[in-house]
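Undergrad: Dropping the structure in here first, questions after.
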Amino acid sequence: MNVLLIEINPFAPATTPISLGYIASFLKTKGFAVKILTIGQDTSVSRAGLYRLVTQFGPALVGLSAYQRSMLYVIGLARLMKSIDTNIRIAIGGPQATFMPSAAFAELADVDYICRSSGEVSLLQIAQAIQDGTPFSNLLGVTYRDPDGTVHDTAEIEGFTDLDRYPSPYLNDVFDYSRMGEAIMLTSRGCPHHCIYCYTPHAFKHKVSFHSVDRVIEEVKWIKKKGITRLWFADPNISFKPARLIEILDRILEEGLKPEMWLQTRADLVNPGLMKKMREAGVSTIAFGLESASERVMARLDKHVSIQRVAEAIKLAQSENIEVELFTMFGLPYETYEDAVKTLEFVKRNNVKIMGNTNSQQMQIYFGTHMARHYGEHNIRPLNNNRPAYLSIGCQYETDHMSCDEIQKIQGLWRANSLDGGKRIVS
């Protein structure tokens, strides 16, 4: 049976679809034929081309990665797939789907399944059910709509805590390396913290799971063999276990690999020895989450990292000639316009270039976050309470402390200070 996995993000150049890569590799080891299609800002694609792909490959299942800002494109692709072959089953997964209300099915006419658990195990359940000729039986980890339109919520299914049990998308060659400028990698998944604006901790139940160091190094060696010299480590906090990261970096040095690396972590999870090792092993850029430079605002976010600690981490990285990027947001709970200006001033004062990831953005209120569940308690006022059930509040809100006009004004101020016109280019 054939499975087509699609990631669409027309707002940025196409990058390595690492999550779909894991799913594709997992399904391949279970006997399914899998193809990945990535559609980005720089991708040439047409309706006729998609028609040819689908009719030639003949997928029985199409999986679509869903994000807040790409939902209309996801809906359009689902409709196109069904217009080509009404027998194709459509599943959506990813950040937007995990906590999307089941009521969304009323407005997702062409979607059959919403994946709620780990993508690999959820989609395998669906694929096996379709292959067995019982597409709506014996399912776990998904919400589905059967042929008579009834919606069913199934029990959650746990993914593996030992990430090595997921076969490598790199070692199984599921990617097209000819178009890959840099490889996105994961050495771990999850986050134990409780930041109220973030989806990741809730999605992973505040736990972190890991690949073995051997597996990480095997992938780095394979990627280098394929001619890719830039690595982007997408772990939320790659130095969650500093000794483990040092072991990875030491192995990279021992093997003579030394790729150019981008990574991100918390400012309170770095120290001089670790930063020196990062530089020696080839880390060129490190990103920290600042969010806001107002201590009063930060105290409300449950992040528990002081602004002073962020400033110290910046200087530590800069002392090793490692470029720093800062993730920041405006429109935060209890933040005034003056607070938001403080964040911009902090970035400039600490000599961090305002470009790429350092371009600030308005806080997004996504499904699965504390903010989405308790926005009223934080004096957030949605601008549209009649939005489709498949969309969260996103950036369509104002607060008791910042009006829509002030949010637009601070956005303009960041763009005026940006070195790349406010473009969000990752690493």
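Undergrad: From the square roots a ≥ b ≥ c of the eigenvalues of the alpha-carbon gyration tensor of the stretch 217-289, which class results: rounded (a/c under 1.5), prolate (a/b over b/c), or oblate?
TA: prolate
Undergrad: Would you mind checking which residues have amide H under 5 Å from L37's amide H? H placed 1.01 Å from N; only 5 or more apart, or other chain.
TA: Placed amide hydrogens put L5, I6, E7 under 5 Å from L37.
Undergrad: Work through the residues other than G394 whose Cβ is under 14 Å from its Cβ and net out their charges, Lys, Arg +1 and Asp, Glu -1. Before the final figure, lay out the partial values.
TA: Details: positive: R69, R381, R387; negative: E398.
Net local charge, G394 excluded: +2.
Undergrad: Additional query: 5 Å is the cut-off here: which amide hydrogens, built 1.01 Å from N in the peptide plane, fall below it relative to I184, excluding neighbours closer than 5 in sequence?
TA: T16, W232
Undergrad: Within a 10 angstrom radius of the beta carbon, how do W414, W222 rank from fewest other beta carbons to most?
TA: Exposure proxy ranking, most exposed first: W222, W414.
Undergrad: What's the local net charge at H194, with K and R +1, D and E -1, over the other residues with C-beta under 11 Å away? Write down the numbers at each step before the final one.
TA: Details: positive: K303; negative: D302.
Net local charge, H194 excluded: 0.
Undergrad: Calculate, for E320 and T150, the FRET efficiency according to 1/(1 + (r/R0)^6) with r their C-beta to C-beta distance and R0 60 Å; round to the nearest 0.05. Each step should come with its number before you reach the end.
TA: Values: r = 59 Å, r/R0 = 0.98.
For E320 and T150, the calculated efficiency is 0.55.
Undergrad: Where nothing but the Cβ of Lys and Arg (+1) and of Asp and Glu (-1) is charged, how large is the charge dipole of the chain around its Cα centre, in debye to the nearest 20? Don't jump to the answer; show the numbers that get you there.
TA: Numbers: 46 positive and 46 negative charges, 129 e Å.
For the chain, the charge dipole is close to 620 debye.
Undergrad: Let me ask something additional. Check cross-link reach from K226 to the aspartates and glutamates: straight Cα distance under 20 Å, and skip same-chain residues fewer than eight apart.
TA: Answer for K226, where 20 Å is the Cα cut-off: D173, D176, E182, D214, E218, E254, E255, E260, listed by chain and number.
Undergrad: Can you list the HN-Hα couplings for the stretch 26-41, worked out from phi with the Karplus curve (6.51, -1.76, 1.60; θ = phi - 60°), rounded to whole Hz and with x for Gly and Pro?
TA: Going residue by residue, I get 5, 5, 4, 5, 9, x, 8, 8, 10, 10, 10, 10, 10, 10, x, 4 Hz, with x marking Gly and Pro.
Undergrad: Right, next: Of I246, A127, Y337, which is farthest on the positive side of the dipole of the chain, counting Cα position, with +1 on Lys and Arg Cβ, -1 on Asp and Glu Cβ, and the Cα centre as origin?
TA: Of the options given, the answer is I246.
Undergrad: Turning to a different aspect of this structure: Would you please classify the overall shape of the stretch 2-153 from the alpha carbon gyration tensor, given that a ≥ b ≥ c denote the square roots of the eigenvalues, rounded means a/c under 1.5, and beyond that prolate means a/b larger than b/c while oblate covers the rest? If you can, show how the numbers build up before the last one.
TA: Working: a/c = 1.35, a/b = 1.24, b/c = 1.09.
It comes out rounded by the Cα gyration axes.
Undergrad: Also: Counting Lys and Arg as +1 and Asp and Glu as -1, each charge on the Cβ, what is the dipole of the stretch 18-126 about the Cα centre in debye, to the nearest 20? Before the final figure, lay out each step's value.
TA: Numbers: 10 positive and 6 negative charges, 37 e Å.
Magnitude of the dipole: close to 180 debye.
Undergrad: Determine the dipole magnitude for the stretch 321-386: charges of +1 sit on the beta-carbon of Lys and Arg, -1 on that of Asp and Glu, nothing else is charged, the reference point is the Cα centre, and the result goes in debye to the nearest 20.
TA: Values: 6 positive and 7 negative charges, 14 e Å.
Dipole about the Cα centre, nearest 20: 60 debye.
Undergrad: Neighbour counts of other C-beta atoms within 10 Å: give me S292, S209 arranged from fewest to most.
TA: Values: S292 26, S209 17.
So the ranking, lowest neighbour count to highest, is S209, S292.
Undergrad: So in the chain, what percent of DSSP beta bridges are antiparallel if you round to the nearest 5?
TA: On the way: 13 of 52 bridges.
Counting only bridges with both partners in the chain, antiparallel ones make up about 25 percent.
Undergrad: Listed here are the pairs K35/K258; K205/K241; K277/K303; K276/K303; K342/K409; which of them are more than 20 Å apart at the Cα? Kindly include the intermediate steps, with their values, before the conclusion.
TA: Details: K35/K258 31 Å; K205/K241 18 Å; K277/K303 26 Å; K276/K303 26 Å; K342/K409 14 Å.
Result: K35/K258; K277/K303; K276/K303 exceed 20 Å.
Undergrad: Listing L253, L326, L316 from the residue with the fewest other Cβ atoms within 10 Å to the one with the most, what is the order? Show your work: numbers first, answer last.
TA: Details: L253 14, L326 25, L316 19.
Ranked by crowding around the Cβ, least crowded first: L253, L316, L326.
Undergrad: At a Cα cut-off below 20 Å, give the aspartates and glutamates reachable from K82, other chains included and same-chain residues fewer than 8 away excluded.
TA: E7, E107, D110, D112, D146, D148
Read-outs: derived from the displayed coordinates by stated rules, not from any lab. Keep in mind the model is a prediction, meaning the values are calculated, not measured. Please note: Cβ atoms are built from the backbone with ideal geometry, for glycine as well, and neighbour counts cover all protein chains shown.
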